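The values are calculated or read from the model by the stated rules, or taken from the named source; none is laboratory data. These numbers were taken from a predicted model, which means no experiment stands behind them. Note: ideal-geometry Cβ built from the backbone for every residue, glycine included; neighbour counts use all protein chains shown.
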Amino acid sequence: MKKRRTSHRLSVDDRMTIQACIHDHRNVTQIASRIGVNKSTISREISQHVTRKVGYHIQSCPHLNSMGLCNTCLYRGQCRKERFYYNYVDAQNQADSLKQSSRSKPMLPPEHIRLIDDIVTDGVRLGQSLHHIYVSNPILAKYCVERTIRRLCYRGNLTVKPHELRRYVVYKHHYAKSPQESQLRDIRVLIGRSYQDFLHYVNQHKRLQVVQYDSLVGKTTDTKAILTITFQPSNFQFGFVIQKNNPTSVRKQLSALFGRLDEQTIRKIFPINLCDNGVEFSYFPEIEMWHGQSIIHTFFTTPYRSTDKAECERNHEFVRYVYPKGKSLNQITQEDLNDVFSNINSYVRKVKGDQTPFDLVRRRFGQAFLDAIGIRRIPNKKVKLTQLI
């Protein structure tokens, strides 16, 4: 049971946990205990964000669970009745939409907006930037900050149009994203393995190494991909050739890797493991088991948030030097990949005090581990990071 939270606003991780617990046949009280909120919060979340599938109406269905949902019904595939599901993607989109709509209207009085409009319009017509207008007219600071003026312009509350502003294209603009669902085959694996669980565990075990996993693809039509494994402290990265979007292939490669190591080495090098929610990692939690005993811990990032494993994503830049985006990976072999990562790990890093990831890992884990994964040291003057395909 988690400590009771003071804030009742649910995150995407919380909603993922709710759906996972529903699929695990847990009731409202158990879900609330898991997340650390009042059970009324869970009941309200489910009732407000339930997804309704149209069918002929019935008074009651004998197959509904205790919360009136059809998520775990064995007959939902051929059922023609009115169905109700809880989906964390739909729930999060509805919550975001409500939050955005409540902030879409300006909070300033109309007379203040008219005053701002007159000043800003005159300045923009003279070719002035918003910052210049804001600094040159101290009266604006009495009503709002500079960012508010830009927001009013983007929302259409001012006479000035966004394209009339100086350096308009320089600023980032946010566009609506199409809803995407988690690709994990069984969402129940997320129970106890969400990103919030990861942060909590790392905070209690600060001395343990975090290992990040991801996959790199070339062309959409490829059958092969690259499984990358990154050590967070040293930026050391190696990888395996896998079948694209194939969880069995990932499990096979990781099982073979751990099969070459003893229990003590696995506990030392791979104590905390973090991957994303891609379909290829559907069997990822199985790597926790070694001869029937759980010896390490695995977790999942928040969906579509690459910053949760920033070190891994940053290190992919070096891989893209050799295997650019849009180029096919079907021709690469494991020997080629080992050679590429040998060069990458022999590349001097300024942020590591002009040391290489290879030397940092060899000093900490020894040469035997590097030999087991097929990574060798390349002399500094012979490091090659040029395109191969």
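Could you check, for region 82-93, whether at least one of its residues is more than 30 Å from R9 (Cα to Cα) and modelled with pLDDT of 85 or more?
No - not one qualifying residue is present in region 82-93.
Cβ-Cβ under 8 Å, sequence separation 6+ or interchain: first residue in region 91-113 and under 18 Å from R52 (Cα atoms), partner modelled with pLDDT of 90 or more and not in a helix (DSSP H, G or I). Which pairs?
Listed pairs, sorted by first residue: A91/H49; Q94/H49; A95/L10; A95/H49.
Can you name every residue in region 360-381 that is part of a loop (DSSP other than H, G, I, E, B) and surrounded by fewer than 17 Cβ atoms within 10 Å (Cβ to Cβ)?
Matches in region 360-381: G366, G374, R376, R377, P379.
What is the residue count in region 131-145 for residues that are within 13 Å of I119 (Cα to Cα) and either among the charged types (D, E, K, R) or modelled with pLDDT under 90 (or both)?
Qualifying residue count for the region: 0.
Among F358, F341, F365, which is out of contact with any Cys (no Cβ under 7 Å at 6 or more places or on another chain) and closer than 20 Å to V250 by Cβ?
That would be F341, the only listed residue that is out of contact with any Cys (no Cβ under 7 Å at 6 or more places or on another chain) and closer than 20 Å to V250 by Cβ.
On the basis of being of a type outside the set (A, V, I, L, M) and under 14 Å from Y321 (Cα atoms), does N345 make the cut?
So N345 fits the description; yes.
Looking only at region 317-359, how many residues end up being closer than 15 Å to N380 by Cα, buried (at least 19 other Cβ atoms within 10 Å of the Cβ) and in contact with a Ser or Thr (Cβ under 8 Å, 6 or more places away or on another chain)?
Within region 317-359, residues that are closer than 15 Å to N380 by Cα, buried (at least 19 other Cβ atoms within 10 Å of the Cβ) and in contact with a Ser or Thr (Cβ under 8 Å, 6 or more places away or on another chain) number 5.
Of the residues in region 77-136, how many are in contact with a Gly (Cβ under 6 Å, 6 or more places away or on another chain) and among the aliphatic types (A, V, I, L, M)?
Total meeting the criteria: 1.
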